[in-house]
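Comments concern the structure below.
The values are calculated or read from the model by the stated rules, or taken from the named source; none is laboratory data. What you see is a predicted model; the values in this text were computed from it and never measured. Cβ placement follows ideal geometry from the backbone for every residue including glycine, while neighbour counts extend to all protein chains displayed.
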Amino acid sequence: MPVVYCFSATGNSLYVAKRIAAALGGEVRSLSRPDAVCDEKVIGFVFPAYFWGLPNLVDRFLRDLPPPAKDAYLFAVTTYGGAAPGVLGAVGKRLREKGLRLSYGGKLKMPDNYLPAYTVKDSEAIRLRIDRELDALIEDVVHSKRKAVAAYTPLSRLVHRQFPAHQSDCDSHFTVSAACTRCGVCGRACPVGNIALPPEEGPRFAHRCELCLACLHACPAAALDWKTGTVGKARYRNPHITPQELIDLCAPKVAQGEPVS
């Protein structure tokens, strides 16, 4: 059965992964799980681009992935808000280290939800454009189209090194307002289990943050902020994806089906 491995903090990449998997007659699996088995003949990777590079957990997943069959059709799709030059080349590089080749690479521009720098802009026109471009991408993958990707360049590496998640204390810049109800959604949304909720206390961070901001966007009370750039900005979730779907994908350690408000 075809499988699409996905990481998604706000649902954009999950929406893309679900659409592709449905067209292939396959399933979506979490990139947050370290125990992947890659014995399928069609394997995809769908994830957001962060500062012209791979999210740290995506890079680790590809690095540790058991090599699939040499004749497997391997494709990657990155969602992005601003720009994503060379990001797919980083996937290709990891696969080449295993003696494999990326068969197809695609990019899809989505509403930018990196709130420290941007305000989310979403509209019906944007959603229609996304679906048109996604339909074309799905058509390519269903027919096993081959498409080369641009190399991961020194400039892309330089930009990616500026991503704050490379600093172990980046989560020290989170603040929690009095609006926090201690519901625990932030911790359950975190793909790396970085957030704990001690008795009678607010969220505590364990300094292994990916800065995906899943916690910030998922908080029902908008009680989390990162530095000052997120203050007062509307949070975002892809309109086709439910909070529970994101919990199940991003935090597979949580029991499936546990309700999320």
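General remarks:
- In summary, Phe174 fulfils each of the numbered conditions (1) modelled with pLDDT of 95 or more; (2) in the same structural domain as Leu31 (by TED's automatic domain parsing) with the single exception of condition (2).
- Filtering segment 21-35 to residues that are at pLDDT 90 or above and acidic (Asp, Glu) leaves only Glu27.
- Yes/no for Phe75 being buried (at least 24 other Cβ atoms within 10 Å of the Cβ) and touching a residue at least 60 places away in the same chain (Cβ under 8 Å): yes
- Subset of segment 221-236 that is touching a helix residue (DSSP H, G or I) at 6+ places or on another chain (Cβ under 6 Å) and part of a loop (DSSP other than H, G, I, E, B) - its residue that is surrounded by the most Cβ atoms within 10 Å (Cβ to Cβ): Tyr236
- In segment 1-25, the qualifying residues are those that are touching a helix residue (DSSP H, G or I) at 6+ places or on another chain (Cβ under 8 Å) and more than 30 Å from Leu115 (Cβ to Cβ), and the one that is surrounded by the most Cβ atoms within 10 Å (Cβ to Cβ) is Val3.
- Of everything listed in (1) in contact with a helix residue (DSSP H, G or I) (Cβ under 6 Å, 6 or more places away or on another chain); (2) part of a helix (DSSP H, G or I), the single unmet condition for Ser172 is (1).
- Condition check for Leu54: surrounded by 14 or more Cβ atoms within 10 Å (Cβ to Cβ), over 14 Å from the mean Cα position of the chain (by Cα) and either in the same structural domain as Leu14 (by TED's automatic domain parsing) or free of Cβ contacts under 8 Å to residues at least 40 places away in the same chain (or both): no
- Segment 62-81: number of residues that are more than 17 Å from Ser103 (Cα to Cα) and among the polar types (S, T, N, Q): 1
- Any hit, segment 36-49, residues being within 21 Å of Ile247 (Cβ to Cβ) and modelled with pLDDT under 95: yes
- Search result, residues across segment 153-202 that are among the basic types (Lys, Arg), within 23 Å of the chain's Cα centre (by Cα) and surrounded by 14 or more Cβ atoms within 10 Å (Cβ to Cβ): Arg188
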